[in-house]
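The values are calculated or read from the model by the stated rules, or taken from the named source; none is laboratory data. Values in this document were obtained by computation on a predicted structure and should not be read as measured data. Note that each Cβ is placed from the backbone with ideal geometry, even for glycine, and that neighbours are counted across all protein chains shown. These area figures cover heavy atoms from the full protein model, side chains too; ligands, DNA and RNA do not enter into them. Shrake-Rupley method; radii C 1.70, N 1.55, O 1.52, S 1.80 Å.
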Amino acid sequence: GQQVMQIPQYQHVQEGEDFTTYCNSSTTLSNIQWYKQRPGGHPVFLIQLVKSGEVKKQKRLTFQFGEAKKNSSLHITATQTTDVGTYFCPWWKAYGGSQGNLIFGKGTKLSVKP
Amino acid sequence: NAGVTQTPKFRILKIGQSMTLQCTQDMNHNYMYWYRQDPGMGLKLIYYSVGAGITDKGEVPNGYNVSRSTTEDFPLRLELAAPSQTSVYFCASSYYRTSGNEQFFGPGTRLTVL
């Protein structure tokens with residue numbers, strides 16, 4: 001069955017360094033979403049990517065969707081302590097027709113040393 | 001709009017006790033979900049609902065029950081609490097239940113079963 005692996009599972013960076021997390025799928029994805037969960041908080045939607053090769057930016061965050069729509073990345077430039085949290089790229093598991101559910105993996109846990 | 005609200009925020013139960021986790025959304029979303037998140041893990045879908053009166057099992061439904069009598073409310077019932085149900089429970093809602101639809105999460109209920 002379809003699997004989406006996110007790497008790395010943990011990343012510890014010095015404040016000001018860049019950070020990247022990757023999601024790789026065994027099959028083509030129709031789209032991919034990214035969520036952020038702060039420590040002790042709840043997941044919050046960041047963005048959705050739909051088109052092959054799509055690149056979207058939100059301030060210091062850059063999201064990419066691969067040309068083959070089988071991988072995606074989130075890059076944070078010059079990390080800040082406010083970037084601390086776990087980043088998820090849930091994928092859609094279809095059950096037939098338009099029905100399915102979002103599947104959340106373990107995500108990438110980012111810690112930032114001031 | 002308050003979004004998705006959950007009560008209580010924290011709860012400690014003894015083995016065998018029962019409780020209901022409350023979830024309410026004011027966005028008029030048809031679709032609602034219950035997830036659990038164990039420490040360091042992703043979110044696992046317990047139950048979901050596609051509208052008032054319609055619910056279905058997710059990935060880990062054993063030990064839980066749900067009901068959906070109104071569009072706004074989606075309570076989760078634990079009948080005989082077990083230590084394995086110690087977790088953080090998140091309720092979420094979405095406008096559609098199709099690939100690429102953003103989910104809005106509540107703040108969570110942190111449950112400990114001793």
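One table, with the values for the structure above:
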quantity: Estimated vicinal HN-Hα couplings, Hz - segment B:14-19 in sequence order (Karplus 6.51, -1.76, 1.60; Gly, Pro = x); calculated: 8, 3, x, 6, 10, 6
quantity: Relative contact order, percent, chain A [alpha-carbon distance under 8 Å, six or more residues apart]; calculated: 34
quantity: Rg ratio (alpha-carbon, reference 2.2 N^0.38 Å) - segment B:71-114; calculated: 1.44
quantity: Entries in B:Lys9/B:Lys57; A:Lys57/B:Lys57; A:Lys56/B:Lys9; A:Lys113/B:Lys57; A:Lys36/A:Lys69 that, when Cα-Cα distance is taken, lie over 30 Å; calculated: A:Lys57/B:Lys57; A:Lys56/B:Lys9; A:Lys113/B:Lys57
quantity: Estimated vicinal HN-Hα couplings, Hz - segment B:23-29 in sequence order (Karplus 6.51, -1.76, 1.60; Gly, Pro = x); calculated: 9, 9, 10, 10, 9, 6, 7
quantity: Efficiency of FRET from Cβ geometry, A:Ile47 and B:Ala52, R₀ 25 Å, rounded to 0.05; calculated: 0.20
quantity: Fraction of accessible area attributable to carbon and sulfur, chain A (%, probe 1.4 Å); calculated: 52
quantity: Hydrodynamic radius by Kirkwood, which averages 1/r over all alpha carbon pairs of the protein assembly as shown, in angstrom; calculated: 18.3
quantity: FRET efficiency estimate (nearest 0.05) - Cβ-Cβ, B:Ile15 to A:Ser30, R0 45 angstrom; calculated: 0.55
quantity: Neighbourhood net charge (11 Å Cβ-Cβ; Lys/Arg +1, Asp/Glu -1) for A:Asp83; calculated: +1
quantity: Vicinal HN-Hα couplings computed from phi for segment A:53-66 (Karplus, 6.51 cos²θ - 1.76 cosθ + 1.60; Hz; Gly/Pro x); calculated: x, 5, 10, 10, 10, 10, 6, 8, 9, 10, 10, 10, 10, x
quantity: Average beta-carbon neighbours from other chains, 10 Å sphere, peptide B:82-92; calculated: 1
quantity: Formal net charge of residues neighbouring B:Leu78 (Cβ-Cβ distance under 13 Å; K, R +1; D, E -1); calculated: +3
quantity: Accessible-area ranking of A:Ser30, A:Ser72, largest first, probe 1.4 Å; calculated: A:Ser30, A:Ser72
quantity: Relative contact order, percent, chain B [alpha-carbon distance under 8 Å, six or more residues apart]; calculated: 36
quantity: Label point at A:Gln80 placed 7 Å out along Cα→Cβ; residues across segment A:28-57 whose backbone nitrogen lies under 15 Å; calculated: none
quantity: Whole-angstrom gap from segment A:42-90 to segment B:1-76, using each part's C-alpha centre; calculated: 27
quantity: Total formal charge among the other residues, if their Cβ is under 15 angstrom from that of A:Ile7, Lys/Arg +1 and Asp/Glu -1; calculated: +3
quantity: Rg/Rh ratio calculated on Cα atoms of chain A (Kirkwood radius); calculated: 0.97
quantity: Theoretical FRET efficiency, 1/(1+(r/R0)^6), r = Cβ-Cβ of B:Glu79 and A:Lys93, R0 30 Å, to 0.05; calculated: 0.60
quantity: Sulfur and carbon atoms: percent of accessible area, chain B [1.4 Å]; calculated: 52
quantity: Accessible surface buried upon A-B contact (total; probe 1.4 Å; Å², nearest 100); calculated: 1800
